[in-house]
């Protein structure tokens, strides 16, 4: 009997014995062992990495067939099926692939990822799922980015990355460079953007590069860049999208795409109109966008033509009706862009680009303006011509080099400039070089250097004014494995004063005389960035980044008699950003992002305004069959502002000290529900500000309460 039990025990051990999977990973060309190659069992938690001899082993496996992924830095991934029946040793050979080949993936049309920056990507899928209807709404839901605006479809929207830009009324100090397919689209007089003209429905993705990137883009990019990357469609279709909503809002988009053997043609017509949520907040936009892309020649031409009319709502103070604004603005914007890439051979490219931007804005009074409120018309007439050429060379599998030059010619005729300056022009030029070097299997080194020069022609009675600077950058990337990456960057940013900061002269509706200062010095920024990204296979990704920036000679409009642009004392900025995305299954997804920001005047001279310390963004997405539900939440802490409308004020010489007040903290919830009738028809319901929260983003500029919109999308 004992022998029988012993036999049963031995048989049970034999049948339950775990299988060990082991072997060696080699370079297919040199036959040398590959160190730290990753072996992942797809669909399970099993995995391993090769040792210094290329050997690996995985235990506790069952006798069955598995699908595995083998990857290593500098090699092409392979997917293989293994049937673990016997204890056999396996040998896998990986094909070398230059680790720097990813450097050829451009951000838009220029390789700004040549040095691995701290970039956040917002895909077209997310833009569509969340049914973002304005650029302001989109960017308010991105960590590290802040937006201040009177209303989402308004003319003036101020964007800041990591606290870089100011929002003091009358200020013209934008430190975020905005690109469309890699082309600069800012207005010469201020560096601001005509967001009404940007084709939100035509975007492939939006890329937000956080931190100073002056080593590649030069002027106005010391806070970061926003690059709007448009689509190159690969199929033929016609699409109509119609949206109606609160405050009599209407939005109609007609899109078409046509494809031949080598050429794709796309076009978008948009009409958008609404009454706005308060007096004089109405808007109307008409937009035409077209793009022709020749794949064989790698040549693209695009055109945007926009005409928009916007009310300019004033401050809402119940007992001060004189602060109500009756002004309306009418703007025509045109963007023409051409890009050409010439491939010389497998390792050498030359890139050419040319763009022209023109803006004409006219401010005038409404027909019902009281006689005592009537003002004279003002206008802004801006034109810019941008040329850029660069040479891209893959020196070896371990080095990728680019160098080039760009020049921007700008002319600005603005009625509110000081009349002693006539026909203002400026020329901006730069030379840049970037090199990305693979030090070993885990380390990438990025080096960048750029020289900028700006010359301002102040008219026949005044001498030229010029600014110049050198902007270096060093970046180190450490890839611990295929799932974990560390980035370290030291960089310098540079911004010369805008034309408005130099020459503006304007009396506002609320009685403050604002004036530029032709004696301003350029701004400098010195920055340290550190980030860590982790991808746990496909269901969990998270990232953490921290930064410290020091600004020197930061330009600000200081309240006084008059309000004048001055170089402030030194400013420091530090913060932390974290993002987590968890996918429980194909139907359920959770996203969470937190931002901490602290901006200080190092010498404790001036208050730092409109920069909340904390921001939290989260969303839950659930999909069941053809129905999708999204609940999103946004929180930001209170923020200081200087109440320049107050009668309580102190004088220090010619400078006015207004009382410092606080805007309340804010928490908003949104709901988006969509139903796909079939592959070509979709209906969406969106409820913004679900609980009808009353709030302000700027002093005495109330934002809308609960709004509802219904959208129908059909593709032919």
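Worth a mention:
- Only residues that are modelled with pLDDT under 75 and surrounded by 15 or more Cβ atoms within 10 Å (Cβ to Cβ) were counted in the stretch 76-95, giving 0.
- Among the residues of the stretch 255-279, the ones that are crowded, with 19+ Cβ neighbours inside 10 Å and within 18 Å of residue 716 (Cβ to Cβ) come to 6 in all.
- Within the stretch 335-379, being closer than 30 Å to residue 397 by Cβ and surrounded by 16 or more Cβ atoms within 10 Å (Cβ to Cβ) holds for 339, 340, 341, 349, 351, 353.
- Filter result for residue 637 (under 19 Å from residue 591 (Cα atoms), in contact with a strand residue (DSSP E or B) (Cβ under 8 Å, 6 or more places away or on another chain) and in the same structural domain as residue 559 (by TED's automatic domain parsing)): no
- Boolean, residue 597 is modelled with pLDDT of 85 or more, outside any loop (DSSP other than H, G, I, E, B) and under 23 Å from the mean Cα position of the chain (by Cα): yes
- The condition (being surrounded by 17 or more Cβ atoms within 10 Å (Cβ to Cβ), more than 28 Å from residue 532 (Cα to Cα) and out of contact with any helix residue (DSSP H, G or I) (no Cβ under 8 Å at 6 or more places or on another chain)) is satisfied by just one residue among 651, 610: 610.
- Filter result for the condition that a residue is within 22 Å of residue 124 (Cβ to Cβ), crowded, with 21+ Cβ neighbours inside 10 Å and at pLDDT 85 or above, over 185, 240: 185
Results for (1) assigned to a strand (DSSP E or B); (2) within 19 Å of residue 608 (Cα to Cα); (3) at pLDDT 85 or above; (4) in contact with a strand residue (DSSP E or B) (Cβ under 6 Å, 6 or more places away or on another chain), shown as yes or no for each residue.
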site	(1), (2), (3), (4)
158	yes, yes, no, yes
164	no, yes, yes, no
171	no, yes, no, yes
191	no, no, no, no
201	no, no, no, yes
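- When residues in the stretch 654-691 are screened for being exposed (fewer than 12 other Cβ atoms within 10 Å of the Cβ), farther than 30 Å from residue 566 by Cα and at pLDDT 90 or above, 1 of them pass.
- Test: residue in the stretch 418-427 that is touching a helix residue (DSSP H, G or I) at 6+ places or on another chain (Cβ under 8 Å), buried (at least 21 other Cβ atoms within 10 Å of the Cβ), in the same structural domain as residue 360 (by TED's automatic domain parsing) and under 24 Å from residue 214 (Cα atoms): yes
- Residue 507 passes every criterion in (1) in contact (Cβ under 8 Å) with a residue 12 or more places away in the chain; (2) over 29 Å from residue 578 (Cβ atoms) apart from (1).
- Matching residues, the stretch 261-294, being over 12 Å from residue 153 (Cβ atoms), in a strand (DSSP E or B) and touching a residue at least 60 places away in the same chain (Cβ under 8 Å): 266, 268, 270, 287, 289, 291, 293
- Residues that are modelled with pLDDT under 85, over 25 Å from residue 188 (Cα atoms) and out of contact with any strand residue (DSSP E or B) (no Cβ under 6 Å at 6 or more places or on another chain) number at least 1 in the following strands (runs of 3 or more DSSP E) confined to the stretch 438-512: 465-481.
- Selection within the stretch 604-624 - over 19 Å from residue 159 (Cα atoms) and at pLDDT below 85: 604, 605, 606, 607
The values are calculated or read from the model by the stated rules, or taken from the named source; none is laboratory data. Predicted, not measured: the structure shown is a model, and the values here were computed from it. Quick reminder, even Gly has a Cβ in these numbers, built from the backbone with ideal geometry, and neighbours come from all protein chains shown.
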